[in-house]
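Each remark here refers to the structure printed beneath this line.
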Amino acid sequence: MNSHDTGKNIIIAGVGGQGILLFSNIISQFYMNLGYELKISDVVGLGQRGGGVESHFRYSNKPVLSPFIKAGDVDYVISFEQTETLRFLHCLKADGVVFTSTYELTSSTVNTGLQKAMPESKTAIIKRSDKKIFAIDPTEHKSPDFDISKMMNVVMLGFYAEFRDYAHDDMIKIIKESVPKRFVEGNLKAYELGTTIARGELVAESSVIVKP
Amino acid sequence: MKTAKKFTAKKMMNGNEAVARGAFEAGVKVATGYPGTPSTEVMDYTHDRYPDIYCEWSTNEKVAVEVAIGASFAGYRSFAVMKTVGLNVAADALCGAAGSQINGGLVLVVSDDVGRISGDDNNDCRHFGNMFNIPVLEPSDSQDAKDFMVRAFEISEEYSTPVILKITSVTCKTKSRVVFDEDCTYEAKFRHEYPVSLSKVIMTTIMTKAKDSTHPKLTRYFNDFVANINRLASDSNDSDLNKLELNGTKIGIITAGTPYYYVKEVLPEASVLKLGLIMPLPEKKIRELAEHVEKLYVIEDGHDVLEKNIKDLGVSVIGKELFPKFPQMMRFTPDVIEEKLVPGAPKRTPQKDVPFRLPISCAGCSHLFIAQLLKKHKIKAAADVTCGLIGTFPHMEAYSFEKCMGSSIAMAHGYNIAKENKENLVAMIGDGGFWATGINGLMNLVYNNSQSTVIIVDNNCLAMTGGQNVASSEFGYHYKPENKLDIAKVCEAIGITDIVTVDPYKIESLEEAIMNAVNAKTNSVVIVQKPCVTRFKLPKDTPSYIDQDLCTQCRQCLHIGCLAIERKAGKDSHQIVINEDLCTGCRLCSTVCNQKAIQS
């Protein structure tokens, strides 16, 4: 356990089928290995695919009480779909950070005209927020080595681990234990891509942000 | 000298996993159930982790409870798992067991969908505790879930009563650390006290005065279940299942389940009674808290069951007048408690106008083909509780009505006789719903000489809960090819003569089969057979795409309700596009496009 880090509240969000639970399982193992106390609540809606999914992930050096994070207490929003990102912006602490994919799965209500599409680009709304935002556009990072539409979760994991300055070997070990053998190679490439993007962004930002 | 038990192992478990662990430690011999989100995994974990325990997915919840009752009477511990809507189905069986003499412990693991997260039902299983006079336990986290499962069996045997272990959409899906005895080995517990166990209606104490009888044939039938529950109520004041934490005197909270932890986080100074045994209530502890504090609140997920029961004791508590129960199955959050009970709590406003998501079918699902054809021919239809119910949502509008599991066949029959068979309203039902109770509807319509068309969607599993086996599946815990029930043969045996089996992807054959069935003035069954695309990971065909030069944005394809078709903001205007990562290449959309814009 890092004595400077007493714990964090994280919301991991996206739509069904994006590997939110895998992301949450991997970091759960990581923080457990570091000796933290944890509570993780995976709220899954109706429907097999395409429904909103949010995982409330809390680790702490003290026992965690509520499995849900109160609005205003969120340190990080990690989201694989930007409509879902928008749902949680108001939950962040003043110094909260957003890690989001700019991928979007249009809601069926908007598709069929039952609800209006938002008047401007969701990416623009997110970026205008007063919070620190890291946005990754999956279409800019297509790779022949893995399917980014399926492995954005692990790309984001690499980004997050780099941002937190974590030992990549520890994370990679857990990835290897967590995914089926035939997907290990692709997942490791996805993880590496995430760390590479993060290094680029963090160098650009290094003059303004202080790593926690 | 007894040595203290070692509790060395620690593991993150969700509530479902912890209940399964508890079943193992309790020495359960028979586990039955019917899938239902959020508690389906209780059975999955029990079956996968603890091979000593006999597990079965029964044909419905009532059967599951009856099987468990039989095992209990044989002297072995048994449990049945279901969601609360399933307990409605099983209520008659539970009523029979309530008040009966119990041999092996009998526990019903029942999940309430608080917050209506995983379904849209508003049932609260604690009402059954009140109605049948049986104990209800409610864990607050996974450690409780494991420990309470063991305690539930002890209570069941000690007080001779079935016990409900109430879990929720939050406890089931929340992972927390569980400490357990790693060295615990499996031993099927056996206890056989009674040679007979009859439901209380058989020997009603009022009519027969069996209590005052002396003949052994009469006395052995007598079970003083009221005394049993009263004894438990009295003992509950000293039970460690109920924890009274006396702190500040301003605010007192009576709570149970995960709301206990919301209270501890938001109101650390409050005095709290954490109820583990929520029925019957520990009256003395409640009064002790009431006397200690200025204001007493009850914070409970779901309906106002605790509140009413506490008020019945003559203790005044503040509950739904402060926390309105809308829409009935309320799910508390720390935010709600803070807003109401912490002065000056900051208000945070969510981003405006973020569209919500309706449930949507997977790309390539058989249900989309059926819904599309019914809409095309303006055929009225009743839907059932399966993935097909998504067709009732406003983005699809394929069905006229949808009610409970297995209901569509009987409802169609009712509609058609009322309309004197002038409209053939069709019943659509999944294989799960058909075996659960739909088969009764089919028998009913045959022998009552009805004229209805039934479309049975056979996707080889219960898809909506993640693909568990049903009676006609080609897999399962006890699967043998010779024991697989054949839907067509069963329909034939029931007396349906007009039975066709079709592949939905052969759209012309499907259309012909459905139209022939609808136009025939007789009972007919169309079996639409295609394994669930998601559960069985069916191979994909080349994805389709939309030629933007031909597309007029009429949205016909969007109304199919396929997850892969989207309307997206383009550079200057909106475009309708097919998400190539999600498309399975089933080609249904190309059949609805008048412009022939959808190609592959």
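Which ones in the stretch B:556-578 are closer than 13 Å to B:Ile598 by Cβ and assigned to a loop (DSSP other than H, G, I, E, B)? Selection gives B:Gln556, B:Cys557, B:Ala564. The lone criterion from (1) within 13 Å of chain A (Cβ to nearest Cβ); (2) crowded, with 17+ Cβ neighbours inside 10 Å; (3) in a loop (DSSP other than H, G, I, E, B) left unmet by B:Thr349 is number (2).
Which one of these does B:Ile337 not meet: (1) over 28 Å from B:Glu580 (Cβ atoms); (2) in a loop (DSSP other than H, G, I, E, B); (3) touching a strand residue (DSSP E or B) at 6+ places or on another chain (Cβ under 7 Å); (4) within 14 Å of chain A (Cβ to nearest Cβ)? Of the numbered conditions (1) over 28 Å from B:Glu580 (Cβ atoms); (2) in a loop (DSSP other than H, G, I, E, B); (3) touching a strand residue (DSSP E or B) at 6+ places or on another chain (Cβ under 7 Å); (4) within 14 Å of chain A (Cβ to nearest Cβ), the odd one out for B:Ile337 is (2).
Among the residues of the stretch B:129-175, which ones are within 25 Å of B:Asp304 (Cα to Cα), within 14 Å of chain A (Cβ to nearest Cβ) and not in a helix (DSSP H, G or I)? Correct list: B:Pro139, B:Ser140, B:Asp141, B:Ile167, B:Thr168, B:Thr174.
Determine whether A:Tyr166 is more than 14 Å from every other protein chain (Cβ to nearest Cβ), outside any loop (DSSP other than H, G, I, E, B) and of a type in the set (Ser, Thr, Tyr). It is false that A:Tyr166 is more than 14 Å from every other protein chain (Cβ to nearest Cβ), outside any loop (DSSP other than H, G, I, E, B) and of a type in the set (Ser, Thr, Tyr). Of B:Asp92, B:Asp52, B:Asp48, all but one fail to be in a loop (DSSP other than H, G, I, E, B) and among the charged types (D, E, K, R); the exception is B:Asp52.
B:Lys380 falls short on exactly one of the conditions (1) over 19 Å from B:Cys491 (Cα atoms); (2) crowded, with 24+ Cβ neighbours inside 10 Å; (3) not small (Gly, Ala, Ser), and that condition is (2).
With respect to the conditions (1) at pLDDT below 95; (2) more than 15 Å from B:Val67 (Cα to Cα); (3) touching a strand residue (DSSP E or B) at 6+ places or on another chain (Cβ under 8 Å), B:Ala97 lacks only one, and its number is (2). I'd like to check which strands (runs of 3 or more DSSP E) are fully inside the stretch B:213-328 and have at least 2 residues that are more than 29 Å from the chain's Cα centre (by Cα). Qualifying strands (runs of 3 or more DSSP E): B:243-245, B:251-256, B:271-275, B:295-299. If we scan the stretch B:2-17, do we find a residue that is β-branched (Val, Ile, Thr), over 22 Å from B:Glu193 (Cβ atoms) and under 16 Å from the mean Cα position of the chain (by Cα)? The answer is no; no qualifying residue exists.
Here B:Lys217, B:Lys175, B:Lys209 are screened, and the one residue that is among the charged types (D, E, K, R), in contact with a strand residue (DSSP E or B) (Cβ under 8 Å, 6 or more places away or on another chain) and either modelled with pLDDT under 80 or surrounded by 14 or more Cβ atoms within 10 Å (Cβ to Cβ) (or both) is B:Lys175.
Consider the stretch B:27-54 and keep the residues that are among the small types (Gly, Ala, Ser) and either within 19 Å of B:His478 (Cβ to Cβ) or surrounded by 24 or more Cβ atoms within 10 Å (Cβ to Cβ) (or both). The one that is farthest from the other protein chains (Cβ to nearest Cβ) is B:Ala31. Please go through the stretch B:471-498 and give me each residue that is crowded, with 20+ Cβ neighbours inside 10 Å and touching a Ser or Thr at 6+ places or on another chain (Cβ under 8 Å), ordered by number. Those that are crowded, with 20+ Cβ neighbours inside 10 Å and touching a Ser or Thr at 6+ places or on another chain (Cβ under 8 Å): B:Ala471, B:Ile487. Counting the residues of the stretch A:31-58 that are buried (at least 20 other Cβ atoms within 10 Å of the Cβ), more than 9 Å from chain B (Cβ to nearest Cβ) and either over 23 Å from B:Ile565 (Cα atoms) or at pLDDT 95 or above (or both) gives 6.
Residues that are out of contact with any helix residue (DSSP H, G or I) (no Cβ under 9 Å at 6 or more places or on another chain), in contact (Cβ under 8 Å) with a residue 12 or more places away in the chain and in a loop (DSSP other than H, G, I, E, B) within the stretch B:176-191 comprise B:Glu182, B:Asp183, B:Glu187, B:Ala188, listed in sequence order.
Let's see how each residue does on (1) acidic (Asp, Glu); (2) crowded, with 16+ Cβ neighbours inside 10 Å; (3) touching a strand residue (DSSP E or B) at 6+ places or on another chain (Cβ under 6 Å); (4) over 26 Å from B:Thr258 (Cα atoms):
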position: B:His303; (1), (2), (3), (4): no, yes, no, no
position: B:Glu307; (1), (2), (3), (4): yes, yes, yes, no
position: B:Ser316; (1), (2), (3), (4): no, no, no, no
position: B:Cys362; (1), (2), (3), (4): no, yes, yes, yes
position: B:Cys365; (1), (2), (3), (4): no, yes, no, yes
position: B:Gly388; (1), (2), (3), (4): no, yes, yes, yes
position: B:His395; (1), (2), (3), (4): no, yes, no, yes
position: B:Tyr399; (1), (2), (3), (4): no, yes, yes, yes
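Report whether or not B:Met13 is over 27 Å from B:Ala93 (Cα atoms), modelled with pLDDT of 95 or more and not in a helix (DSSP H, G or I). Yes, satisfied.
The values are calculated or read from the model by the stated rules, or taken from the named source; none is laboratory data. Computed from a prediction, not measured in an experiment: that's the story for all the values here. A quick note on method: Cβ atoms are made from the backbone with ideal geometry, for glycine too, and the neighbour counts reach across all protein chains shown.
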